[in-house]
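Asks: I'd like to ask some things about the structure below.
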Amino acid sequence: VTRLLSRQEMLNDKSALDAVHKEAKGLIDSGTWDLDSVQSKAALIAKAKATGVTVHFGQLMTICSEKHSELAADDPLRKMKGRVVYRGDITKDQSGALAIFEELSANPTSMATARMNLAYGCLPGHSVSQADAIQAYIQCYLEPKDKQGKVVETWISLPPELRPESWKKLGFSDPVVR
């Protein structure tokens with residue numbers, strides 16, 4: 001049984017935060033976002049409006065689940081699994097208009113396919129197994145294009161638990177990264 005932690009539970013549990021930071025490190029190491037590109041969102045908005053360039057602004061959200069939560073607290077199978085997700089539903093441009101993305105999708109295995117796989121495993125001499133991904137895959141690069149065909153930069157706000165301590169001295173109340 002996998003139990004989704006509330007945000008408050010996640011923020012108050014060191015092992016949950018460690019799991020979220022481990023997930024974030026993997027995404028940073030893959031080049032998903034660039035911590036060195038940190039800037040003030042207000043400054044980027046002003047620059048985009050002054051130059052007429054379209055820029056998108058989104059947010060990341062962290063979640064954490066406790067895998068095998070039904071087991072005893074000291075069971076080694078019981079562990080925290082952190083996830084970092086992009087909030088595409090609230091991505092806006094420099095003017096506050098919702099960003100428009102192309103319709104892309106990836107369909108998970110359907111119930112019919114799962115049942116066929118289980119039926120195959122029930123046949124004499126056959127077996128099936130299931131495995132979970134070590135880390136969520138990065139679905140796509142966010143490189144939408146404007147009406148003139150130019151790539152629109154996407155900047156993200158990181159949740160407080162993913163912001164480096166060094167950012168505090170920058171004085172930004174609204175840090176964003178590319």
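Asks: In segment 15-73, which residues are small (Gly, Ala, Ser) and in contact with a Gly (Cβ under 9 Å, 6 or more places away or on another chain)?
Replies: Ala16, Ala19, Ala24, Ser40, Gly58, Ser65, listed by residue number.
Asks: Here's a follow-up. Just the residues that are surrounded by 11 or more Cβ atoms within 10 Å (Cβ to Cβ) and among the polar types (S, T, N, Q), please, taken from segment 45-55.
Replies: Scanning segment 45-55 gives a single hit, Thr54.
Asks: Can you pull out every residue in segment 49-63 that is among the hydrophobic types (A, V, I, L, M, F, W, C) and in a strand (DSSP E or B)?
Replies: Passing the criteria: Val55, Phe57, Leu60, Met61, Ile63.
Asks: So, one more: Pairs needed: first member in segment 25-43, farther than 17 Å from Gln94 by Cβ; second member anywhere, among the aromatic types (Phe, Trp, Tyr) and open to solvent by 60 Å² or more (accessible area, probe 1.4 Å); C-beta distance under 8 Å; at least 6 residues apart or different chains.
Replies: Final answer for the pair search is Val38/Phe172.
Asks: Something else about it: Determine whether segment 78-95 contains at least one residue that is open to solvent by 40 Å² or more (accessible area, probe 1.4 Å), more than 22 Å from Leu27 (Cβ to Cβ) and either in contact with a Cys (Cβ under 9 Å, 6 or more places away or on another chain) or among the hydrophobic types (A, V, I, L, M, F, W, C) (or both).
Replies: Within segment 78-95 (the criterion being open to solvent by 40 Å² or more (accessible area, probe 1.4 Å), more than 22 Å from Leu27 (Cβ to Cβ) and either in contact with a Cys (Cβ under 9 Å, 6 or more places away or on another chain) or among the hydrophobic types (A, V, I, L, M, F, W, C) (or both)), the answer is no, since none of the residues qualifies.
Asks: A further question on this structure: For segment 150-173, which residues satisfy the criterion of being over 22 Å from Leu17 (Cα atoms) and part of a loop (DSSP other than H, G, I, E, B)?
Replies: Hits for segment 150-173 are Lys150, Val152, Gly171, Phe172, Ser173.
Asks: I'd like to check something: does segment 100-107 contain any residue that is among the aliphatic types (A, V, I, L, M), part of a loop (DSSP other than H, G, I, E, B), modelled with pLDDT of 85 or more and out of contact with any Asp or Glu (no Cβ under 6 Å at 6 or more places or on another chain)?
Replies: no
Asks: Right, next: Within segment 1-44, how many residues are assigned to a helix (DSSP H, G or I) and open to solvent by less than 90 Å² (accessible area, probe 1.4 Å)?
Replies: Total satisfying the criteria: 21.
Asks: Is it the case, given these coordinates, that Pro175 is surrounded by 12 or more Cβ atoms within 10 Å (Cβ to Cβ), modelled with pLDDT of 85 or more and over 19 Å from Val55 (Cα atoms)?
Replies: Considered against the rule, which asks whether it is surrounded by 12 or more Cβ atoms within 10 Å (Cβ to Cβ), modelled with pLDDT of 85 or more and over 19 Å from Val55 (Cα atoms), Pro175 comes out as no.
Asks: Surrounded by 12 or more Cβ atoms within 10 Å (Cβ to Cβ) and either modelled with pLDDT under 90 or among the aliphatic types (A, V, I, L, M) (or both): which single residue out of Ala73, Ala114 fits that description?
Replies: Residue meeting the stated conditions: Ala114.
Asks: Can you confirm whether segment 57-66 contains a residue that is surrounded by fewer than 18 Cβ atoms within 10 Å (Cβ to Cβ) and without any contact (Cβ under 8 Å) to a residue 12 or more places away in the chain?
Replies: Scanning segment 57-66 turns up no residue that is surrounded by fewer than 18 Cβ atoms within 10 Å (Cβ to Cβ) and without any contact (Cβ under 8 Å) to a residue 12 or more places away in the chain.
The values are calculated or read from the model by the stated rules, or taken from the named source; none is laboratory data. Predicted model only: the values in this text are computed from it and were never measured. Positions of Cβ are backbone-derived with ideal geometry, glycine not excepted, and every protein chain shown enters the neighbour counts. Each accessible area value is taken on the protein alone, full model and side chains, heavy atoms only, with ligands, DNA and RNA left out. Shrake-Rupley method; radii C 1.70, N 1.55, O 1.52, S 1.80 Å.
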